[in-house]
1. Between residue 26 and residue 191, what length in nm is gained on full extension when 0.36 nm per residue of separation is reduced by their alpha carbon distance?
2. Going by how many other Cβ atoms sit within 10 Å of their own, how do 197, 222 line up, fewest first?
3. In terms of Cα to Cα distance under 28 Å, which lysines are near enough to residue 149, apart from those fewer than 8 places away along the same chain?
4. Rounded, prolate or oblate: which fits the chain, taking a ≥ b ≥ c as square roots of the Cα gyration tensor eigenvalues, rounded meaning a/c under 1.5, else prolate when a/b beats b/c?
5. May I ask for the distance between the Cα centers of the range 107-184 and the range 231-292, given as a whole number of Å?
6. Under the definition of Cα pairs under 8 Å and six or more residues apart, what whole-number percent is the relative contact order of the range 205-292?
7. Suppose the chain between residue 85 and residue 104 were pulled fully straight at 0.36 nm per residue; how much longer would it get relative to their current alpha carbon spacing?
8. Sort 91, 224 so the one with the fewest other Cβ atoms within 10 Å of its own Cβ comes first.
Amino acid sequence: MAVWNLGSINVDNVYRVPHLPTAGETLSAKNYSQGLGGKGANMSVAMSRAAARVVHIGAAGKNGTWAVERLLEYGVDTRHISLLADQATGHANISVAEDGENQIVLFPGANRAITDDMIGAALSDAAAGDILVMQNETNGQLQAAKMAKQLGLRVVYAAAPFDPDAVAQLMPFTDLLVLNAVEAEQLVGALKQELTELGVDSIVVTLGGDGCKWLDVSSGTETHLPAIPVIPIDTTGAGDTFTGYLVAGLDRGMPMLQALGLATQAGALMVTRMGTADVIPDLKDIEDARLA
C-alpha cells in the first residue's frame, strides 16, 4: 500500500531563545539554524522513516529545489511536487525556549498555490486501500478528500493549524481525525458538537505530557495511552512525528493501539532532539532508545 500526503513544504528558520517573547519584547537569539520543515514535509519524512511508501503532493517556489531534494534523500516520492517560479517557498520563523516550548510565525507561499489538476494527477496513481493524509497548511484539501473517497482511499486529517471552516467541510470525508487537546477544545466550541458527534469513526487527541487518547466512535470506547517520560529539548515537529508514525503503522497493517504505541515512542524521542524534519527518528533509533 501507499500513503499520499497533500502537505506543506517549508523552510524552517529556528531561533534558540531564553524564553518565548512577549508583545513588544526584543530578544537576542542564542543560536540559529535553517532546515526542512512544514507539517506536511515533517509527516512525509516521519512516515518514510517508519517504513511506509510515501508520495508527497505539494508545491515549492523556485528557491525550494533543495527542500524537494532533501525529501527525496529521506525516501519520499517527490514526483508530484511542483516547483512554481512565481511563488515563494513557504517558510516558518520558529522561536524555541529553554524549556522546549516554541512559538511559530508561518508564511504559506507556494503551499497555497496547489491546483486541483496537480492533486488529480497525483491521485490518479493511487489504489483502493491507500491512505490520503492532509493538514491545514495547504489549499485543496476538500477536493483531494472527495477524490480520495471516490477512489477508495482512507482519509486521515490532522486538523492543524486549526481552521473551523476547513474542519467542518472535511468531516464527511474523514476516516481518522488527529488533533491536539487545544484544537479539540476549539473544534467543540466552534461546531457546538462533541467530538463523538462529528460523524468520524476514529479520533486521536494528543495530550502532550499526558499522552494521547483514542476515541473509537464506532464502538463507543475511549482509550488513554500515557506519555513516555523524557526531558524535552524542542517540541517542534513532535506532533507531526507522532501522526506520521501512527499513519505508517496503520498503513503497514498494525492494529490501532500498536500503531499508537509506536507513535508515542517516536514523539517522545523527537522532543529530545533540536530541529524538525532533519532529525525525525527512524525505526532503528526508536529500537536503540528502548523507550518505555
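Only the coordinates and a few stated rules stand behind these numbers; no lab work does. Since this is a predicted model, take the numbers as computed values, not measurements. Here the Cβ positions follow ideal geometry from the backbone for every residue, glycine too, while neighbour counts run over all protein chains shown.
1. Values: separation 165, 0.36 × 165 = 59.40 nm, distance 3.75 nm.
This chain segment gains 55.6 nm when fully extended.
2. Details: 197 11, 222 14.
Least to most surrounded, the residues fall as 197, 222.
3. In chain and number order, the partners are 39, 192, 213.
4. rounded
5. Each part reduced to its Cα centre gives a spacing of 22 Å.
6. 27
7. Residue separation times 0.36 nm, minus the Cα-Cα distance, leaves 4.3 nm.
8. 224, 91
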